[in-house]
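Below you'll find the structure, written out as structure tokens, and then a few comments.
Throughout, read-outs are computed from the coordinates displayed, never taken from laboratory work. What you see is a predicted model; the values in this text were computed from it and never measured. In this analysis, Cβ positions are derived from the backbone assuming ideal geometry, glycine residues included, and neighbour counts consider all displayed protein chains.
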Amino acid sequence: MSQIAELRCRTILDSRGNPTVEVDCLLASGAEGRAAVPSGASTGEFEAIELRDGGTPWCGKGVEKALAHVRGEIAGAVVGRDVFEQERIDRALIELDGTPNKGRLGANAILGVSMAVARAAAEECELPLYRYLGGPAARRLPIPLLNVVNGGAHADNNIDFQEFMLAPIGAKSFTSGLRMGVEVYHKLKRRLSEKKLSVAVGDEGGFAPDLPGSDAALEFMTEATADAGYRAGSDLVFALDVAASTFAKSGKYHLDGEGKVLDGDAMIDRYLRLADRFPITSIEDGLAEDDWSSWSRLTARLGERVRIVGDDLFVTQEPRLRRGIAERAANAILIKLNQVGTVSETLAAIRLALEAGFRVIISHRSGETEDHFIADLAVATGAGWIKTGAPCRSDRNAKYNRLLRIEEELGAAAAYGPLQM
Ligand code: PGA
Ligand code: ZN
């Protein structure tokens, strides 16, 4: 009865108004699981390939080819299989695709099916997804990284760094941590409007004001934290996603907003100064995805006190993560399902990272849907951190709201934050 009977799929819209893939996995028992695929803007060069149709419909971003693969070849390989065989199904899809980057069938087609299979399996055994994926011990709610100031490729302003986040590390629970973050977010909005700065929001719900640079963004966040009655450094700390690959050109970093061109070592010095001035818990993609030696130097100089997070560097893929572990190029990894394209490979990357003592941050993409799979993934794996935007826009809040419900469901068993900070 736990056999997969049918795959259905369709185009839906993501939070940027672009088409994306949604898949339903129907079982012989009548149970079904549905999943939607997110999409990045500052995509890493080494990510699995998202298949887009090109041409004029949907401004070239249609996903009809990916959907046709789901209905055709992929359904042919998956229908009739036992839904509980997630790894076998994912492996069959990887082999069916036959390319190293899922470029033939499309990582969007493959991931939609892989996630829908996991959801259908959870439905079949009447378990919440976090329990199905994580087992009876899953009880750890993540610290939210709330992206309250947006720059870089996610906003139309002069801030070179892409994301400035609040991390309510001093909270006792996810619910109270989220509340703290929300309070600071609203105080920040008030401060920005008092200074006649824009409070229009970027792709991930954070504000996108025209500030002179990253120091100014962190100053505003420090002030807003105090306005809300919290201490920056103990109640809340800050996190950055620089997304440096987006402004790196042949070994140099072009900070156009600030009018500077820096080499890897000058960027590292800059992060040291920022970490001396502000309570920064993590720096993601501080350097470009191919600048491995600078990454190792950054980790050596700052890794003791700051989480050095590889996003575009690792693209959730085991081989790149293995290299990063061997070269001490980072001490943390950002996890995005669609960078690798299957649930099993995502879980394998998380396992490898945790075994190596790396911190793990489960992440959304800048283009999202109402699907909140990653909330369950964070609890299932006990990652202890989630990055899913500002507490604004329903595509972001779908994840936070799901975590609020999970914490309620877990009751006294719930824990907050990673086992090891
Ligand atoms: P993206 O941004 O989804 O546009 O890649 C998120 C990130 O860089 O972490
Ligand atoms: Zn990133």
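Numbers for the structure displayed
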read-out	value
The stretch 20-70-the stretch 339-386 distance, computed between alpha-carbon centres (Å)	19 Å
The stretch 121-134 - phi-based ³J(HN,Hα) in whole Hz, Karplus 6.51/-1.76/1.60, Gly and Pro as x	5, 4, 4, 4, 9, 6, 10, x, 4, 4, 6, 4, 7, x
Under the Karplus curve 6.51 cos²θ - 1.76 cosθ + 1.60, θ = phi - 60°, whole-Hz ³J(HN,Hα) for the stretch 382-398, x wherever Gly or Pro sits	x, 4, x, 9, 9, 10, 9, x, 6, x, 7, 6, 5, 5, 7, 5, 4
For the stretch 4-126, average projected area of the Cα convex hull in nm²	7.5 nm²
Nearby lysines by direct alpha-carbon distance to Lys187 (threshold 17 angstrom, same-chain neighbours under 8 apart not counted)	Lys195, Lys196
Principal-axis tilt of helix 174-194 within the chain, Cα atoms, nearest 10 degrees	50 degrees
Anchor Lys172: aspartates and glutamates whose Cα lies under 13 Å away (excluding residues fewer than 8 positions away in-chain)	Asp235, Glu407
Dipole moment magnitude, nearest 20 debye, the stretch 1-126 about Cα centre, only Lys, Arg, Asp, Glu C-beta charged	400 debye
Anchor Lys102: lysines whose Cα lies under 23 Å away (excluding residues fewer than 8 positions away in-chain)	Lys61, Lys65, Lys336
Nearest 10 degrees, 0 to 90: helix 264-277 Cα axis against the chain principal axis	70 degrees
Cut-off under 5 Å, modelled amide H: who pairs with Gly206 long-range	Ala390
Helix 214-227 vs. the chain, principal-axis angle (Cα, 0 to 90°, nearest 10)	90 degrees
R0 of 35 Å, Cβ-Cβ distance Ser198-Leu262: FRET efficiency to nearest 0.05	0.80
Built amide H within the under 5 Å cut-off of Arg393, gap 5+	none
Phi-based couplings in Hz for the stretch 161-173 (Karplus 6.51, -1.76, 1.60; Gly and Pro marked x)	6, 7, 9, 10, 10, 9, 10, x, 6, x, 6, 8, 8
Alpha-carbon centroids, the stretch 243-290 and the stretch 120-138: separation in whole Å	41 Å
Relative contact order (%) - criterion: Cα under 8 Å, at least six apart; region: the chain	20 percent
